[in-house]
Amino acid sequence: MASVVVNQSISSGIRTRFAPSPTGFLHIGGARTALFAWAFARHFGGQFVLRIEDTDVERSTPEATQAILDGMTWLNLQADEGPFFQTKRMDRYREVIAIMLDKGLAYRCWASPEELDEMRESQREQGLKPRYDGRWRPEQSPGKSPPPNVSPVIRFRNPDDGSVVWKDMVKGTISIANSELDDLIIARSDGTPTYNFCVVVDDLDMGISHVIRGDDHVNNTPRQINILRALGGQEPVYGHLPMIHGPDGQKLSKRHGAVSVTEFDRQGFIPEAVVNYLARLGWSHGDDELFSREDFIAWFDGSSLSHSPSQLDYDKLRWVNQHYIKQASEAYLLAELQRRLAWRSLHAKWFGDDAAMVMIALVRDRLNTLEDLADWACSLLLAPNLEDPVIAQGIGQALKPEAVPAVEAFLGKLKTEAVTGDQSLAWTADHIAQEIKRVIGLHAIKMPQLAIPLRWWCFGRGQTPAVDAMLSILPPSVMAERIEAGLNHYRGAGS
């Protein structure tokens, strides 16, 4: 078969690519593919290319393109080249198709959809695999006149004999007989090129040395290799990653929770934690579970890739995220808290950076996600709903009649000293601790009998870090207002 080398301007070096279609968000499986391709290039000092495969004009949207770019930015997977858009390379594809037609590597086919349906039905009746029978190959249609008013498609002339064999980075040697393949359409009747053809031209023109992608593309690979060889190019090394399944072992979908990268951000996961977790989905380095991005790059050489599907485990992801939250700087956590409170349209003049930093120091070891951090801030900013069944039950179990005088005494001192009295007197954690100790001693009750009702009334939670430290974040007037509302509600419920 004749061949023609397309524009391979880049002759050497490791070059990987991530080539999503902008028909939806960047899902977690695509993010892992991008991560592995990016890390492989970084490990070998190569180049990582971002290509947007947007030839499906009807389904591709600017919003989906932006979601992909935003997801890549959030994960900090910076491309060395791109993004390149296939829709901007149409002239190049048409140029290659014209050369292929001229060299006999492709031909025009005027078979109508109805004619092809009849052909396939006949093949099925004969127990044959439905496939195009080459009826418009030049050697099979000499002198045959094209039907009027029909625009032809362009088909690649696939080899008749032999097999396509490649050594996959993940799956090992794969062999597909050419008799299993038919003459692929490389341009539709309206002239637009098809996916498998565009991918080949792009990979050749961009000098891609390694293609790491999901194993849903395995069936495309032999077709692409045949086109690559016909064009006189050297096919890249392929690695097909098994799919990521949900916790139930089924194909990952929205019913399993977050599947888009932007949703993981929304749910409070740190990018570095997601990168660390994704790196372990389908790859391993001994027993290492927690490692830096730099370690991953140093270790990821394309080996130790799993042959089996991975399973997304949200509990494990939260555990990894918790580790990264504990390691995060206070400045980062403060910025994330402010961003997430803005999403909820929550703010209070008294809850400034100083108060937020006190809270962060108290609760950071209790956090699984950054949304947990925002939830703690909400406990400070919003007075509890005393009608909430959970809060009502918690108070009902915690507040005993013998403790009510102690609460009243604590509130009285608070209102006298810090609310109606000297406004400059700050009720610090030490001051609150001393007052709690004095009151429980005076009324002969135990610490939890006072502390737990105060937690429920002030924060809507039965468990918090040290109650004196938590209460010290609230302005005395806010603290007094919530305790008084709680006492009044208790009295009203008992009357």
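Points worth noting:
- Shape index of segment 260-334: Rg/Rh, with Rg the Cα radius of gyration and Rh the Kirkwood radius from the inverse mean 1/r over Cα pairs, equals 0.98.
- Accessible area ranking (1.4 Å probe, heavy atoms, ligands and nucleic acids excluded), largest first, for Thr23, Thr221: Thr23, Thr221.
- Solvent exposure ordering (accessible area, 1.4 Å, most first) of Ile432, Ile174: Ile174, Ile432
- Relative contact order for segment 101-255: 20 percent, from Cα pairs under 8 Å spaced at least 6 residues apart, divided by residue count.
- Extending 7 Å from the Cα toward the beta-carbon at both Lys400 and Met243 defines two label points whose distance is 5.8 nm.
- Loop sites by DSSP among the GluC sites (Glu not before Pro) of the chain, restricted to those with at most 10 other Cβ atoms within 10 angstrom, leave 59-386 as the longest stretch without any of them.
- Average Cα contact separation per residue, the chain, under 8 Å, 6 or more apart, as relative contact order %: 13 percent
- Alpha carbon centroid spacing (whole Å) that separates segment 27-64 from segment 276-343: 19 Å
- Filtered trypsin sites (Lys or Arg not before Pro), segment 279-380: DSSP coil and at most 12 other beta carbons within 10 Å: Lys349
- Each other residue within a Cβ distance under 12 Å of Leu228 adds +1 if Lys or Arg and -1 if Asp or Glu, for a net charge of -2.
- Heavy-atom SASA rank of Val150, Val170 (probe 1.4 Å, accessible area, largest first): Val150, Val170
- Loop-located trypsin sites (Lys or Arg not before Pro) in segment 54-111 whose Cβ has at most 15 other Cβ within 10 Å (DSSP): Arg59
- Extension gain for Asp70 to Lys129 (0.36 nm times residue separation, less C-alpha to C-alpha distance): 16.9 nm.
- In terms of overall dimensions, segment 381-459 has a Cα radius of gyration and Dmax of 13.2, 37 angstrom.
- Mean-position separation - Cα centroids, segment 375-414 and segment 122-139, in angstrom: 78 Å
- In Å², nearest 10: area of Phe156 left accessible to a 1.4 Å probe: 0 Å²
- Surface exposure of segment 172-272, expressed per residue as accessible area with a 1.4 Å probe, stands at 35 Å².
- Of all DSSP beta bridges in the chain, antiparallel share, percent nearest 5: 50 percent
- Comparing Leu450, Phe25, Ala67 along the charge dipole axis of the chain, the residue lying farthest to the positive side is Leu450, per the Cβ-charge model.
- Near Leu204, once Lys and Arg are set to +1 and Asp and Glu to -1 for all other residues with Cβ below 14 Å from its Cβ, the sum equals +1.
- Mean separation of Cα contacts under 8 Å, 6 or more apart, over the residue count of segment 130-180: relative contact order %: 25 percent
- Accessible-area value, His210, 1.4 Å probe, nucleic acids and ligands omitted, Å²: 30 Å²
- Under 11 Å, Cβ to Cβ, from Trp283 - net charge with Lys/Arg +1 and Asp/Glu -1: 0
- Using Cβ point charges alone (K and R +1, D and E -1), the dipole size of segment 259-305 about the Cα centre works out to roughly 180 debye.
- Measuring only protein heavy atoms, the 1.4 Å probe finds Cys109 accessible over about 0 Å².
- Linear extension gain, Ser163 paired with Ala493, 0.36 nm per residue minus alpha-carbon span: 110.6 nm
- For segment 289-380, accessible area per residue (1.4 Å probe, heavy atoms of protein chains only), Å²: 49 Å²
- Dipole magnitude for the chain: computed about the Cα centre from +1 point charges on Lys and Arg Cβ and -1 point charges on Asp and Glu Cβ, it is near 220 debye.
- Additional length obtainable on full extension of the chain from Leu116 to Ser141, 0.36 nm per residue less Cα span: 7.4 nm
The values are calculated or read from the model by the stated rules, or taken from the named source; none is laboratory data. All values derive from a computational prediction rather than experimental measurement. Note: ideal-geometry Cβ built from the backbone for every residue, glycine included; neighbour counts use all protein chains shown. Please note that ligands, DNA and RNA were not included when accessible areas were found on the heavy atoms of the full protein model with its side chains. Shrake-Rupley method; radii C 1.70, N 1.55, O 1.52, S 1.80 Å.
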